[in-house]
Amino acid sequence: MKICVVGLGNIGFNLFTYLDRKFSGEVIGVDVNESRVNELRRQGHRVTTDYRALTGIDVWLMAPSTGNQGQNLFSALEHMIICPGALISIESTLPLGTMMRIREFLEKRGFKLGTDLFLIHVPHRVMFGVDKTVCDTPRVMGAFTKACLEKGREFYNPLVPLLVEVSDVRVAELSKVVENVKRYVDVAFAQEIYGYCVTNGMSFDELKIAVNSKSNVELLATDWGIGGECLPKDMSFLRTVCPSALLEGAEQADHDYRERIVKQVGTGKEVWVRGLSYKTGVKDLAHSRGVDLVRALEASGNTVRVEDPLFSSEELIEAGFKPINELEGNYENKKEEHLAARVILDRLKALEIK
């Protein structure tokens, strides 16, 4: 069986390495980013940028970043040499209605779904920093025909702990978007309650412990805002088809929360920001609200220095930041000494700006 993973970003590469262990010698990856492919080749991975080299593929697993209209998926489909009998699994999170567009695209090329081509949607699920692979949690699968579902079942059942099949492929599309938007709304709610606690001199951490003592309730923690690639993008996907005052309010609440931090700090100060990555424990600055916070504080006339346990001082400098000097890093004993001139923002603790 020849397997190809399309798209070698965080999700696609995780999928690629997992399958490469399961099906040694049978998996190849493809990505249009030449520097990314060259980097992975140096690490010994079997990857390419050339779709012409991908012939006789039995299973295509599509995991590129979709773009706001799914354009990256369709670009890949245009270049793929699809053999009759192949299984195509769309793992990317999709703008609602994209699976129907993919079906129409393939049928225009002469393929009949469920007979000579099998199309399924199995949206990826992974919590980086928690799950090791994209196959550690139950997965949802939808398709247009029973034959496509059966083909997908044969491939995925041995790989995942539970395969949740749905009869309407639109439910599979919507499920992933709703998962992420639900988390967005939950975080925005936590940010609102956090702001109330700060204004009224109450401990948000104590409140969180108190609320979460009830088994069916979870008040989430806050960070520098709702970042990463997925949650803001999927909020946009859902709001496009489901206008909602609730969703609009959640986006506005997150925007206000981020602005509030900057306003509380003020201007003309030296600010230390601890925690820069887009998510605690994940070494990635892309789509990071920590990065946005630093730039907003600088734009407000502050001098900002940063620290993150995942990045060396050299890496932070290379990324365009001023690191906290190692000799000053143990600032807890100096906090009162510098209180008037310095503001310390620590993602691991409650923000004490008032």
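What is the magnitude of the charge dipole of segment 58-205 about its Cα centre, with +1 placed on the Cβ of each Lys and Arg, -1 on the Cβ of each Asp and Glu, and no other charges, expressed in debye to the nearest 20?
Values: 15 positive and 17 negative charges, 65 e Å.
Dipole size: approximately 320 debye.
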Computed label-point distance, nm, for sites Glu270 and Glu206 using a 7 Å Cα→Cβ extension: 3.3 nm
Positive-end extreme of charge dipole, segment 187-315 - chosen from Tyr196, His255, Leu310 (charges on Cβ): Tyr196
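Highest mean first, what order results for 78-86, 198-206, 227-235 on Cβ atoms within 10 Å?
Details: 78-86: 13.8, 198-206: 12.2, 227-235: 19.8.
Result, highest mean Cβ count within 10 Å first: 227-235, 78-86, 198-206.
Do the sum for the chain: with -39,500 (n - 2.57) for every DSSP H run of n ≥ 4, divided by all residues, what is the mean residue ellipticity at 222 nm, to the nearest 500 deg cm²/dmol? All intermediate terms of the calculation are to be shown ahead of the outcome.
Values: 11 runs with 142 residues, N = 354.
So the calculated ellipticity at 222 nm is -12500 deg cm²/dmol.
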Amide H contacts under 5 Å for Val140, placed H, 5+ residues apart: Val164
Approximate shape of the chain as ellipsoid semi-axes (Cα gyration tensor, √5λ), whole Å, largest first: 42, 24, 17
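Nothing charged except the Cβ atoms of Lys and Arg (+1) and of Asp and Glu (-1): what's the magnitude of the dipole of the chain about its Cα centre? Round to the nearest 20 debye.
Working: 44 positive and 49 negative charges, 132 e Å.
Taking the Cα centre of the chain as origin, the dipole is about 640 debye.
Whole number in Å², please: accessible area per residue of segment 127-207, 1.4 Å probe, ligands, DNA and RNA not counted. Walk me through the numbers before you get to the answer.
Working: 4140 Å² over 81 residues.
Accessible area per residue, segment 127-207: 51 Å².
Could you rank the peptides 148-157, 109-118 by their average count of other C-beta atoms within 10 Å per residue, with the highest value first?
Highest to lowest by the protection proxy: 148-157, 109-118.
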Per-bin percent of Cα-Cα distances, segment 167-298 [5 Å]: 2, 10, 16, 19, 20, 16, 10, 4, 2, 1, 0, 0
Gap separating the Cα centres of segment 179-248 and segment 96-172, nearest whole Å: 29 Å
Residues with amide H under 5 Å from that of Val47, placed H, sequence gap 5 or more: Gly29
Added length on full extension, which subtracts the Cα-Cα distance from 0.36 nm per residue, Ile81 to Asp168: 28.6 nm
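Sort 262-271, 94-103 by the packing proxy (mean of other Cβ within 10 Å over each peptide's residues), most packed first.
On the way: 262-271: 15.4, 94-103: 18.7.
Answer by packing, highest mean first, reads 94-103, 262-271.
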Projected-area average for segment 1-143 over all orientations - Cα convex hull basis, square nanometres: 8.5 nm²
Residue-count net charge about Glu192 - beta-carbon cut-off 13 Å; Lys, Arg +1, Asp, Glu -1: -2
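So if we plug the beta-carbon distance of Lys112 and Thr199 into 1/(1 + (r/R0)^6) with R0 = 56 Å, what FRET efficiency do we get, rounded to 0.05?
Details: r = 62 Å, r/R0 = 1.10.
So, using R0 = 56 Å, E works out to roughly 0.35.
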Protein accessible area in segment 233-310, 1.4 Å probe - carbon and sulfur %: 53 percent
Spin-label pair Lys132/Asp284, simplified geometry with 7 Å Cα→Cβ offset, distance in nm: 1.9 nm
Derived scalar couplings ³J(HN,Hα) [segment 133-139; Karplus, 6.51 cos²θ - 1.76 cosθ + 1.60; whole Hz; x for Gly, Pro]: 9, 6, 10, 7, 10, x, 10
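Per residue, how much accessible area does segment 243-325 have with a 1.4 Å probe, in Å²? It would help to have the intermediate numbers written out before the result.
Values: 4080 Å² over 83 residues.
Dividing the accessible area of segment 243-325 by its residue count gives 49 Å².
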Taking N as its residue count, the alpha carbon Rg of segment 86-167 over 2.2 N^0.38 Å: 1.13
Pairwise label distance in nanometres, Gln69 with Lys22, each label 7 Å out on the Cα-Cβ vector: 3.4 nm
Accessible area expressed per residue, segment 12-116, with surrounding protein chains retained (probe 1.4 Å, Å²): 47 Å²
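Quick one: which of Lys108/Lys146; Lys214/Lys279; Lys132/Lys176; Lys2/Lys233; Lys22/Lys108; Lys112/Lys132 span more than 29 angstrom between C-alpha atoms?
Lys2/Lys233; Lys22/Lys108; Lys112/Lys132
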√(5λ) per eigenvalue of the Cα gyration tensor, segment 149-195, largest first, Å: 33, 13, 5
Positive-pole candidate from Ala296, Asn72, Ser277, dipole of the chain, charges at beta carbon: Asn72
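When the accessible area of segment 1-54 is split by element with a 1.4 Å probe, what percent falls to carbon and sulfur? Don't skip to the answer; put the middle values down first.
Numbers: 1200 of 2760 Å².
About 43 percent, which is the carbon plus sulfur part of the accessible surface.
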Carbon + sulfur, % of accessible area of segment 72-195 - ligands and nucleic acids excluded, 1.4 Å: 56 percent
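The values are calculated or read from the model by the stated rules, or taken from the named source; none is laboratory data. Fair warning: this is a prediction, and the values are worked out from it, not measured in the lab. All Cβ positions, glycine included, derive from the backbone under ideal geometry; neighbour counts span all protein chains shown. In case anyone asks, the SASA skips ligands and DNA or RNA and just uses the protein heavy atoms, side chains included. Shrake-Rupley method; radii C 1.70, N 1.55, O 1.52, S 1.80 Å.
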